[in-house]
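Have a look at the structure below before the remarks.
Since every read-out is calculated from the coordinates, none of them should be taken as a lab result. This structure is a prediction, so every number in the text was calculated from the model and none was measured. In this analysis, Cβ positions are derived from the backbone assuming ideal geometry, glycine residues included, and neighbour counts consider all displayed protein chains.
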């Protein structure tokens, strides 16, 4: 078992937060809501460089029982 000094622990914490912040800014988690009005949602990640606008995907809505468009909600 190795013991880390308080400075090493603090530096590790800072670097992990910086990496997490950079990752979240490029690929944020978005919620896709059904356009059928059922309230069903999917959760996914999107690449902001490739899809800067709101995302629309055609996916299965189990409440409606068919494939419908799901739009990104903000």
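In this simple spin-label model, placing a label point 7 Å from the Cα along the Cα-to-Cβ direction at both residue 44 and residue 74 gives a separation of 1.9 nm. All alpha carbon pair distances within the range 28-74 were sorted into 10 Å bins beginning at 0; the resulting P(r) in whole percents reads 29, 53, 16, 1.
Taking 0.36 nm per intervening residue step and subtracting the Cα-Cα distance, what contour gain separates residue 60 from residue 26 on full extension? Don't skip to the answer; put the middle values down first.
On the way: separation 34, 0.36 × 34 = 12.24 nm, distance 2.67 nm.
Contour length minus Cα-Cα distance gives 9.6 nm.
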